[in-house]
Amino acid sequence: MTVDADRAARDLELAEQLHQFAGRFLDGAGPVDPARIIREAVDAIPAARAAGLTIIREGEPPRTLAASDPLVEQVDEIQYDTGDGPCLEAIEQNDLASTDDLEHDDRWPKFAAHAVAETPVRSMFGVRILLGGDDRGALNFYATELRAFSELDRGVGAIFSTLASLALQHALAQRKSENLLVALESSRQIGMAMGILMASKLLTAEQAFEQLRTASQHLHRRVREVAEEVTETGQLPPLPASREA
């Protein structure tokens, strides 16, 4: 098979992988599994020994959300400890950060020195993932060979980072929506319980909520749980003898 034929075959295989990836993760059929995203991404780049997903949530340190190999977490931990490296640069400064020879790359001296001494990784690249708000991330690829990644590999990584961004944004939005529904249901339950207490005990809204809060504290139960019992029984659950009014 000629070089052109090899390239065409890989292009077709890659196109099919991307099509399947999009179908699995962007159709909203179920929760997104970050580990599966990583497996799909590393399979699409044969030169990659491993791939990983780093995220930084607002007010929190960076962490590795998913990894295809323990090597990823080892290298990432060095980046997090030293505060530099391709992954962090992709997140903080550039959309893509890459190195073909970690041992002789002086952009991240602390990270490179430890990574070369403690791991077999020699080539890396990271591509930023957009998560919305102050949440940030990067899709990262690791290889043990020098100059392991081609421009095509980095392009494929960029495509997967975009799809991963969409998939994770969808998952985060879905989670926020579910949390909102829970909060609304909780508020509705508490409001109903307050109404019952206000009517049965001639209390103000502030006094009714204070009774719910007091019962919650002394019974070591959530306010919503106490409120649910009030709506079912028409009265507050009995408090310990020493706490009863």
For this session: Taking just the C-alpha trace of the range 121-173, give me its Rg and Dmax in Å.
Result: 12.6, 40
Exercise. In 10 Å bins starting at 0, how do the alpha-carbon pair distances of the range 58-148 split up by percent?
Worked result: 18, 56, 23, 3
For this session: For ALA66, enumerate residues with amide H under 5 Å from its amide H, sequence gap 5+ or separate chain, H modeled in the peptide plane.
Result: LEU53
Problem set entry | Hull volume in cubic angstrom per residue (convex hull over the Cα atoms of the range 102-150) | 94 Å³
For this session: Per residue of the range 192-204, in order, report the coupling 6.51 cos²θ - 1.76 cosθ + 1.60 (Karplus, θ = phi - 60°) as ³J(HN,Hα) in whole Hz, putting x for Gly and Pro.
Result: 5, 5, 4, x, 5, 5, 4, 6, 7, 10, 6, 9, 7
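Every number here is computed from the coordinates shown, using simple stated rules; none is lab data. Quantities reported herein were computed from a predicted structural model and do not represent experimental measurements.
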